[in-house]
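This report refers to the structure that appears directly beneath it.
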Amino acid sequence: MPLLVVGSVALDSVETPDQQRDRVLGGSAVYFSYAASYFTSVRLVGAVGEDWPEEHTRLLAGRKIDTAGLKVMPGEKTFYWKGKYLDDMNERETLEIQLNAYQQYQPELSDDFRRCPFLFLANGSPSLQLHVLDQMIGPRLVVADTMDLWIREEQDDLKKLLERIDGLVLNDSEAKLLTETNNLVLAGQRVLELGPRFVVIKKGEHGAMFFSKHEIYVLPAFPTQDVVDPTGAGDSFAGGMMGYLAEQGNFEPKTLKEAMAFGILVASFTVEDFSLDRLEQITRDDIELRLNAYRKMLQF
Ligand code: AMP
């Protein structure tokens, strides 16, 4: 089943302890779309500026990603994010952020896109996420991501959004900030009380925790020694997870657990190089091979 994603489409400059890249392809919706495209057809909604290299659109369109919803904003530049990883690559600082094309962007979905059964609201302002959700016609599954910026600055809209979505994906520090507790299990349960039927708390190299009314579990990250650039790991996780759910066409507890595993595995490839460089080299078979190793690893 088709999957719609709305989020940032960006040019990123990234510094790691060993290397640096300038203005490479990034953005939450880009990592998400590419990761999901191993599983299902994806419709990408976002904005770019006049500096956007056309080759990036070609790269996305070369997968099963429909880029008709990618709008070039006249007179604008593309969203720009600059980040730096510390020696402990779980720690990252944002050095610069320029909203550019996203400053005035209010996506208007085509009729076809409005009827998409699976929707992912990637990291973006809750008011924009609500604006998109308002346009949807009978979606079967709506999942959103958020971040500390929105928890601090747009909490009212974020809470309105939480009442209307099926699932929320966020990282551990964000979950603690949102629920004002340092206990992750409590944090997960408190997010459920705000509305979503399930919550996934991402814990970087430590994997991800799942919460619903009926179950709580943790899946570890797939151990990889080649961590080159963690940028986009969270978005690729969400892309793998939602892509698999859309492919299966359901979100039963068993499917959700498998989807979490696929999210973790796709993210483990993303971090092995900058931008989409590693994902461009792999196929679904590579993901399935890693799944076999992951299943063995978890058997005891
Ligand atoms: P992740 O490493 O999964 O958190 O995602 C990093 C990506 O998110 C980068 O490619 C950035 O361009 C993008 N990004 C960073 N900050 C924001 C923001 N405030 N809103 C939307 N996207 C962002």
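The values are calculated or read from the model by the stated rules, or taken from the named source; none is laboratory data. Remember, it's a predicted structure, so these values are computed and weren't measured experimentally. Every residue, glycine as well, gets a Cβ built from its backbone with ideal geometry; the counts of neighbours run over all protein chains shown.
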Checklist entry - Quick check: anything in the stretch 187-197 in contact with a helix residue (DSSP H, G or I) (Cβ under 6 Å, 6 or more places away or on another chain), without any contact (Cβ under 8 Å) to a residue 24 or more places away in the chain, of a type in the set (A, V, I, L, M, F, W, C) and under 18 Å from SER33 (Cα atoms)? => result no
Checklist entry - When residues of the stretch 19-31 are filtered for being touching a residue at least 60 places away in the same chain (Cβ under 8 Å) and away from the ligand (no atom under 12 Å from the Cβ), how many remain? => result 1
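Going by what's in this entry, would GLN129 be described as more than 18 Å from VAL24 (Cβ to Cβ) and out of contact with any strand residue (DSSP E or B) (no Cβ under 7 Å at 6 or more places or on another chain)?
Against the criterion (more than 18 Å from VAL24 (Cβ to Cβ) and out of contact with any strand residue (DSSP E or B) (no Cβ under 7 Å at 6 or more places or on another chain)), GLN129 does not qualify.
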Item to check | Top-ranked residue in the stretch 253-272 [being of a type in the set (D, E, K, R) and part of a helix (DSSP H, G or I); ranked as farthest from ILE201 (Cα to Cα)] | outcome: LYS254
Checklist entry - In the stretch 232-252, what residues are assigned to a helix (DSSP H, G or I), farther than 18 Å from GLY207 by Cβ and either within 16 Å of the ligand (Cβ to nearest atom) or in contact (Cβ under 8 Å) with a residue 60 or more places away in the chain (or both)? => result GLY243, LEU245, ALA246, GLU247
Checklist entry - Which residues, counting only those in the stretch 66-97, are more than 16 Å from the ligand (Cβ to nearest atom) and among the aliphatic types (A, V, I, L, M)? => result ALA68, VAL72
Checklist entry - Just a yes or no: is a residue in the stretch 180-195 closer than 30 Å to LYS64 by Cβ, away from the ligand (no atom under 16 Å from the Cβ) and out of contact with any Gly (no Cβ under 7 Å at 6 or more places or on another chain)? => result no
Checklist outcome for this item: Filter the stretch 52-78 for residues that are farther than 17 Å from GLU280 by Cβ and of a type in the set (Val, Ile, Thr); the one that is surrounded by the most Cβ atoms within 10 Å (Cβ to Cβ) is THR78
Checklist outcome for this item: In the stretch 50-78, anything among the hydrophobic types (A, V, I, L, M, F, W, C) and either closer than 23 Å to GLY240 by Cβ or modelled with pLDDT under 95 (or both) is listed as LEU59, LEU60, ALA61, ILE65, LEU70
Checklist outcome for this item: For strands (runs of 3 or more DSSP E) lying entirely in the stretch 166-227, having 2 or more residues that are among the basic types (Lys, Arg) and loosely packed, with under 15 Cβ neighbours inside 10 Å picks out none
Next on the checklist: Looking at the stretch 67-82, I want the residues that are aromatic (Phe, Trp, Tyr) and have a partner that is in a loop (DSSP other than H, G, I, E, B) and within 16 Å of the ligand (Cβ to nearest atom) with Cβ atoms under 6 Å, at least 6 apart or on another chain. Which pairs are those?
Outcome noted: PHE79/SER8
Checklist entry - Does LEU119 count as under 23 Å from GLY240 (Cβ atoms), part of a strand (DSSP E or B), away from the ligand (no atom under 11 Å from the Cβ) and not acidic (Asp, Glu)? => result yes
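Which is within 15 Å of the ligand (Cβ to nearest atom) and not in a loop (DSSP other than H, G, I, E, B), of TYR34, TYR105?
None of the others qualify; the one that does is TYR34.
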Checklist entry - Is it true that ALA10 is aliphatic (A, V, I, L, M), crowded, with 17+ Cβ neighbours inside 10 Å and within 11 Å of the ligand (Cβ to nearest atom)? => result yes
Checklist entry - Among the residues of the stretch 144-165, is there at least one that is surrounded by fewer than 16 Cβ atoms within 10 Å (Cβ to Cβ) and in a loop (DSSP other than H, G, I, E, B)? => result yes
